Structures are given as structure tokens and as C-alpha cells.
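Asks: Questions regarding the structure given below will be posed in turn.
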Amino acid sequence: MNKRALVLFSGGQDSATCLAWALERYELVETVGFDYGQKHRVELDCREALRGAMADPKWGWSGQLGDDHMVNMQALGAISDTALTADKAIEFNAKGLPNTFVPGRNLLFFQFAAAIAYRRGLEVLVGGMCETDYSGYPDCRDNTLKALQVAMSLGLDAPMVVETPLMWLSKAQTWALAAELGGADLLDVIRRDTHTCYAGDRTHWHDWGFGCGACPACELRAQGYRAYEENLA
Ligand code: ZN
């Protein structure tokens, strides 16, 4: 495909899998990360190692991997009152939504990404949002992102396609997609170099990667990996 893409790349499992997916498809793939004062900002440190690993010639993607962009969005952390951006315990509201939900986060990320894509001549935005095994974040929903695609394409007067390859995959299927794209080697890179844990724990090693093993993000990741392995068995 002769299109050019910008991947919303946090350094987590989902966005790393999306980066590999995009590198397999598009002639040029740039990446963008956002620093919004997340407590687990260690995820941002993972980005460089992941980009380096995916530039390895063995996957044939090094020619497609383009520039990386980092956007300072401290203002989002400053106006949010969440367990991801302030020192507070993770809790769930009456609707079951955890207070790790940062209101407006994905809406803002996509709009900043679109502004970069517009300047760089990139027409596809790729994000790892998913509404299958997810925390119920309303800004991860397919309809939210489809509406955003329309609003951005109109507001920029330039086609801005939002691709979410993980939208209908379970977490187990996301691990399987990584294996499909880059075999056991890519699975190892994603286990070792991506970060998911909300507590920012990169000292405790599990077969699914580093993490505290107890936060909702670790639980989703661990459950998904176990289901992936069981499907293989
Ligand atoms: Zn954790």
C-alpha cells in the first residue's frame, strides 16, 4: 500500500503491535508519543528500544520506519484527577469505569496526531484502541473514533483515516497478531520491551513481561497472554 501513516505509539503492548502492523502495510510509518504526566511514564522510555528492535533488518521494516515525534501534554495531566496522573488508588465508579480513565485523552491524542500528520503529509492515523477486552473507556469505542475521523477530516479539509487494527481482537488475539507479524522474535520483543503496568513496575518479570502483576493493566495483559498460550496448546 502506498500510503503513509502515523502510529500513536505509547510504548505499550497494543501500540507496539500496531506499529508492526503498520510497518507491514504502509510505505512510510512515523510514530508519536505523548507525555501527559502519566505516573507510569517509564512506558515512554520503552519507545526507543522498541523502535530500535523493529528497525532490525530481519523483519524488512527498516526502510519504512520514519521519524518519531514526542508531544508535551502536561496540561492534560494538570487538569485531570485520575489514578494515572495523581497519587491516588485505583477505584471504580457506579458504572464500573475505573478512575484510570483520563477524560478526553484519546480525543486529544488523535487531534494532536492529526495536526502532525497534516504537516508531514501522512494520511492514516493508527491507534491501538480496542473495545473487546478493555477497561470500558468510552474514548476507545469504535463509534467514538469513527466520529472523530469524520470531524478531523472535515476540520482539516484533508482525508484523515483512523485505523484501529485491534478494535475487535481479544487480548489473546493481539498476542497472536504479533506472532503472525514477526514470529516468536517479535513476541519476545513485545514481552520484554513494552510496558503496560499502571504502577510503572519494571522490576518484576513474568512470562508476559514486566509489571506489578496486580493492577488492572497487568491483569488484562497476563490473562490475555495465558489465553494465547492455552490456544496454542
Ligand atoms: Zn501493574
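Asks: If the Cβ limit is 9 Å and pairs must be 6+ apart or interchain, which residue in the range 179-190 that is farther than 15 Å from Asp207 by Cβ pairs with which residue that is polar (S, T, N, Q)?
Replies: Listed by first residue and then by second, the contacts come to Leu181/Thr17; Leu186/Thr17.
Asks: Right, here's the next one. Please specify each residue of the range 154-199 satisfying the condition of being open to solvent by less than 50 Å² (accessible area, probe 1.4 Å) and among the aromatic types (Phe, Trp, Tyr).
Replies: Once the filter is applied, which keeps residues that are open to solvent by less than 50 Å² (accessible area, probe 1.4 Å) and among the aromatic types (Phe, Trp, Tyr), the range 154-199 yields Trp175, Tyr198.
Asks: Turning to a different aspect of this structure: For the range 221-232, state whether one or more residues are open to solvent by 30 Å² or more (accessible area, probe 1.4 Å), at pLDDT below 95, assigned to a helix (DSSP H, G or I) and touching a strand residue (DSSP E or B) at 6+ places or on another chain (Cβ under 7 Å).
Replies: Checking the range 221-232: not a single residue is open to solvent by 30 Å² or more (accessible area, probe 1.4 Å), at pLDDT below 95, assigned to a helix (DSSP H, G or I) and touching a strand residue (DSSP E or B) at 6+ places or on another chain (Cβ under 7 Å).
Condition check ((1) of a type in the set (Phe, Trp, Tyr); (2) on the phi > 0 side of the Ramachandran plot) across all residues:
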{"residue": "Leu6", "(1), (2)": "no, no"}
{"residue": "Gly11", "(1), (2)": "no, yes"}
{"residue": "Ala22", "(1), (2)": "no, no"}
{"residue": "Phe34", "(1), (2)": "yes, no"}
{"residue": "Gly37", "(1), (2)": "no, yes"}
{"residue": "Ala49", "(1), (2)": "no, no"}
{"residue": "Ala53", "(1), (2)": "no, no"}
{"residue": "Lys58", "(1), (2)": "no, no"}
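Asks: Touching a residue at least 24 places away in the same chain (Cβ under 8 Å) and either over 26 Å from Phe101 (Cα atoms) or touching a Leu at 6+ places or on another chain (Cβ under 8 Å) (or both) - does that describe any residue in the range 197-216? Explain how you work it out, then say what you get.
Replies: Restricting attention to the range 197-216, the residues satisfying the condition of being touching a residue at least 24 places away in the same chain (Cβ under 8 Å) are 197-200, 202, 209, 215-216.
Checking the rest, the ones that are also either over 26 Å from Phe101 (Cα atoms) or touching a Leu at 6+ places or on another chain (Cβ under 8 Å) (or both) come to 198.
Yes, the range 197-216 contains a residue that is touching a residue at least 24 places away in the same chain (Cβ under 8 Å) and either over 26 Å from Phe101 (Cα atoms) or touching a Leu at 6+ places or on another chain (Cβ under 8 Å) (or both).
Asks: Please state which one of Leu148, Leu181, Leu154, Leu166 is more than 16 Å from the ligand (Cβ to nearest atom), closer than 20 Å to Leu19 by Cβ and assigned to a helix (DSSP H, G or I).
Replies: Numbers: Leu148 fails: closer than 20 Å to Leu19 by Cβ; Leu154 fails: closer than 20 Å to Leu19 by Cβ; Leu166 fails: assigned to a helix (DSSP H, G or I).
Leu181 is the lone residue from the list that is more than 16 Å from the ligand (Cβ to nearest atom), closer than 20 Å to Leu19 by Cβ and assigned to a helix (DSSP H, G or I).
Asks: Follow-up question, since we're still on this one. Which of the residues spanning the range 83-99 are in a loop (DSSP other than H, G, I, E, B) and surrounded by fewer than 19 Cβ atoms within 10 Å (Cβ to Cβ)? Before the answer, list the steps.
Replies: In the first step, residues of the range 83-99 are kept if they are in a loop (DSSP other than H, G, I, E, B); the result is 83-91, 93-97, 99.
Residues satisfying the conditions are Ala86, Asp87, Lys88, Ala89, Ile90, Glu91, Asn93, Ala94, Lys95, Gly96, Leu97, Asn99.
Asks: While we're on this one: May I ask you to list pairs of residues, at least six apart or on different chains, whose Cβ atoms are under 6 Å apart, with the first in the range 22-39 being open to solvent by 20 Å² or more (accessible area, probe 1.4 Å) and the second being aliphatic (A, V, I, L, M) and at pLDDT 95 or above?
Replies: Once the first residue is open to solvent by 20 Å² or more (accessible area, probe 1.4 Å) and sits in the range 22-39, its partners that are aliphatic (A, V, I, L, M) and at pLDDT 95 or above give Glu24/Leu181.
Asks: I've got another one for you. Check off (1) outside any helix (DSSP H, G or I); (2) open to solvent by less than 10 Å² (accessible area, probe 1.4 Å); (3) hydroxyl-bearing (Ser, Thr, Tyr) for Ser10 and give me the number that stays unchecked.
Replies: Condition not satisfied by Ser10: (2).
The values are calculated or read from the model by the stated rules, or taken from the named source; none is laboratory data. All values derive from a computational prediction rather than experimental measurement. Note that we place each Cβ from the backbone using ideal geometry, even for glycine, and neighbour counts take in every protein chain shown. Only protein heavy atoms, including side chains, enter the accessible area calculation; ligands, DNA and RNA are left aside. Shrake-Rupley method; radii C 1.70, N 1.55, O 1.52, S 1.80 Å.
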